[in-house]
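What follows is a single structure, written as structure tokens, with notes after it.
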Amino acid sequence: MANTTIIPFGPQHPVLPEPIHLDLELDDERVVQALPSIGYVHRGLELLAERHDFVEMAQVAERICGICSFIHGQGYCQGIERLMGLEVPPRAVYLRTAWAEMSRIQSHLLWLGLSADAFGFESLFQHSWRIREMLVDIIEETTGGRVIFGSCKVGGIRKDVDAETLQRVNRRMREIEAAFDEVANIFRADRTVKQRTVGVGVMSAEDAYALGAVGPVLRASGFASDTRQLGYAAYGELEWEPVVEQAGDCYARCEVRLREISQSIDLIRQCLANMPEGEIEVTFKGKRPKGETMVRLEQPRGEVCYYMSANGQKNLERFRVRTPTFANIAPLVHMLKGCDLADVPVIVLTIDPCVSCTER
Amino acid sequence: MSANESFEDIELDQWVATASRHRADGFRLVQMTGTAREDHFEVMISYDRNYDCVNFRVHVPRDRPELPSLSVVFPASFTYENELKDLFGFNIPGLALDYGGNFLRTKTKIPFSGSVTLKKEKPERAPSRAAAGTKVAPPTPVREG
């Protein structure tokens with residue numbers, strides 16, 4: 001029987017923007033087993049919810065993560081609104097949906113850039129982030145923030161966007177789409193990208209489902225599951241279908257994200273075209289949340305769950321966040337078994353790990 | 001609570017059987033979480049099938065925080081169970097991959113045990129000028145849970 005070697009991977013590694021640690025047990029160059037561990041940036045945000053007023057906690061929720069910040073704020077606000085029985089005005093709902101899709105695009109473009117860098121394709125990395133910058137400018141113009149949007153609040157949104165700005169956003173989405181199509185073609189056709197991703201880190205649909213995979217990881221294995229199908233926000237009124245690929249490898253996960261960027265651009269256009277007029281928030285003076293709820297949304301990395309329990313006081317009794325990366329840890333361990341050591345960074349990247357989310 | 005969402009209390013001895021039944025019925029494990037109540041711990045588990053989410057809750061006594069592992073039924077449960085172990089101090093017999101309390105490296109060990117003292121918040125009002133210079137008693141530590 002061959003001797004095995006244990007190689008530590010992370011928490012500091014060139015392909016890891018955030019700290020996660022893997023103990024890789026190797027037989028020669030092949031991974032026999034991978035043991036993950038997290039907790040390097042644990043911030044205790046769930047416990048903080050038991051201390052903060054439920055209104056101001058929306059600000060904290062948005063800071064759970066710097067990439068999917070808006071959707072965390074949206075999920076928190078949706079939960080509180082459900083507990084208080086608030087009906088958010090349609091205009092706020094549509095603007096929330098548009099910003100959530102912008103958040104998805106910028107997250108996927110960030111991932112494409114990082115993965116191109118991991119493949120050793122430096123110029124593709126720079127082009128992906130150049131396009132992301134165009135989108136972040138739109139986010140800044142419409143919300144005032146680039147990383148933390150700060151536009152979502154309990155009962156609606158903080159500020160409206162005028163018709164002229166919405167038209168400008170529509171025009172600039174066309175520019176972004178044209179620029180993105182060029183980059184997407186390179187991801188799809190380039191030999192070096194394919195060499196590093198096709199047939200690597202394969203996971204079947206059955207395994208993905210059984211191991212609780214979510215988001216692009218699950219959909220790339222042929223499972224059409226997207227939490228937006230629940231019809232929250234404006235998704236029930238828009239035309240779209242989950243993006244699904246069949247191969248279950250790193251290339252398929254990349255392709256799902258490429259197609260989701262195009263889909264998000266389309267969803268933003270639909271939101272802009274059908275933007276209702278009217279109020280942007282509903283008041284709730286004197287009301288406090290009571291009861292319990294489980295809110296599920298689709299983050300760029302997959303399904304996120306918020307469990308909230310309140311007893312009519314100003315603080316929540318419990319605020320639990322189950323992030324998509326946390327759900328994708330078990331599938332990652334499965335994918336790493338039997339792969340080559342050189343493929344570990346690419347496989348880890350294709351679950352798009354967001355450790356700050358996971359740590360909370 | 002939305003139309004496609006339910007919460008149900010079950011007995012502790014039904015924990016594994018409920019999981020097995022849902023696995024056989026094609027549900028997937030969505031999440032598992034704990035809540036520290038005054039006299040017990042609550043553990044909630046969520047299953048989903050075709051976007052229908054069902055949630056089950058068990059009460060675990062504080063003096064014996066033990067929950068049987070679902071590793072055999074849902075292999076992915078090991079992350080949630082290690083989290084319960086690290087945050088709430090649970091003992092999880094049958095855990096397939098046990099990190100021995102080192103999965104989440106929290107600064108405070110077992111932060112959700114219900115006996116953690118948090119830093120006092122700043123007072124809501126600034127002290128009046130008349131009170132300036134007078135000795136103020138230190139804030140009383142708050143016990144959570």
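No lab work stands behind these numbers, since they all come straight from the coordinates. Note that the structure is predicted; figures quoted are calculated from it, not measured. As a convention, Cβ positions derive from the backbone with ideal geometry for all residues, glycine included, and neighbour counts pool all protein chains shown.
Just a few scattered comments:
- For region B:5-114: relative contact order, % (alpha-carbon pairs under 8 angstrom, 6 or more apart): 25 percent
- As a proxy for reagent exposure, A:His108, B:His40 were ordered by neighbouring Cβ count within 10 angstrom, fewest first; the result is B:His40, A:His108.
- Karplus-based coupling profile of region A:142-153, in residue order and whole Hz: 8, 10, x, x, 10, 9, 9, 5, x, 9, 9, 9, with θ = phi - 60° in 6.51 cos²θ - 1.76 cosθ + 1.60 and x standing for Gly or Pro.
- Region A:70-99 and region A:293-314 have Cα centres separated by 12 Å.
- Structure-based [θ]222 nm, the protein assembly as shown - -39500 (n - 2.57) summed over DSSP H runs of at least 4, per residue, nearest 500: -12000 deg cm²/dmol
- Measuring nothing but how far apart in sequence close Cα pairs (under 8 Å, 6+ apart) lie, relative to its length, chain A scores a relative contact order of 26 percent.
- Only beta bridges with both residues in the protein assembly as shown are counted; by DSSP, about 90 percent of them are antiparallel.
- Integer Hz, Karplus 6.51/-1.76/1.60 couplings in order for region B:21-38, x for Gly and Pro: 5, 6, 4, 5, 7, x, 7, 10, 7, 8, 6, 9, 8, x, 9, 8, 9, 4
- As a proxy for reagent exposure, B:Asp9, A:Asp343, A:Asp23, A:Asp226 were ordered by neighbouring Cβ count within 10 angstrom, fewest first; the result is B:Asp9, A:Asp23, A:Asp343, A:Asp226.
- Cα shape, region B:5-114, gyration tensor, a/c 1.5 rule: prolate
- Taking every alpha-carbon pair in the protein assembly as shown and binning the separations at 10 Å intervals from zero gives 4, 19, 29, 26, 15, 5, 1, 0, 0 percent.
- Pairwise FRET efficiency - A:Gln229 versus B:Ala24, Cβ, R0 = 30 Å, nearest 0.05: 0.80
- Antiparallel DSSP beta bridges within region B:1-95, percent to nearest 5: 75 percent
- Amide hydrogen proximity for B:Phe41: with H placed 1.01 Å from N in the peptide plane, the residues at 5 or more positions away or on another chain lying under 5 Å are B:Val60, B:Arg62.
- Between A:Ala163 and A:Lys290, the FRET efficiency from the beta-carbon distance, with R0 = 41 Å, is close to 0.60.
- Length gained on full extension, A:Lys314 to A:Asp53: 93.4 nm, using 0.36 nm per residue less the C-alpha separation.
- Built amide H within the under 5 Å cut-off of B:Ser113, gap 5+: none
- Distance between modelled label sites at A:Lys337 and A:Glu206, nm, 7 Å Cα→Cβ extension: 1.4 nm
- Phi angles across region A:79-91 convert, under the Karplus curve 6.51 cos²θ - 1.76 cosθ + 1.60 with θ = phi - 60°, into 3J(HN,Hα) values of x, 5, 5, 5, 5, 9, x, 8, 9, 6, x, x, 5 Hz, Gly and Pro given as x.
- Once the Cβ-Cβ distance of A:Ala179 and B:Asp9 is raised to the sixth power relative to R0 = 51 Å, the FRET efficiency obtained is 0.40.
- Annotation: amide H of A:Glu303 within the under-5 Å range of A:Gly215, sequence separation 5 or more or interchain, hydrogens built in the peptide plane.
- The slack between A:Thr283 and A:Glu87, meaning 0.36 nm per residue of separation minus the straight C-alpha distance, is 69.6 nm.
- What separates the Cα centres of region A:13-68 and region B:1-62 is a distance of 24 Å.
- Taking 26 Å as the limit for the C-alpha separation, the pairs A:Lys287/B:Lys109; A:Lys159/A:Lys285; A:Lys290/B:Lys109 exceed it in the case of A:Lys287/B:Lys109; A:Lys290/B:Lys109.
- Residue exposure proxy: B:Asp39, A:Asp137, ordered by other Cβ atoms within 10 angstrom of their Cβ from fewest to most, comes out as B:Asp39, A:Asp137.
- Simple spin-label estimate for A:Gln195 and A:Thr4 in nanometres, 7 Å along Cα-Cβ: 3.1 nm
- Region A:330-345 versus region A:190-258: alpha-carbon centroid distance in Å: 18 Å
- Normalised contact order of region A:1-130, rounded percent, pairs of Cα under 8 Å and 6 or more residues apart: 14 percent
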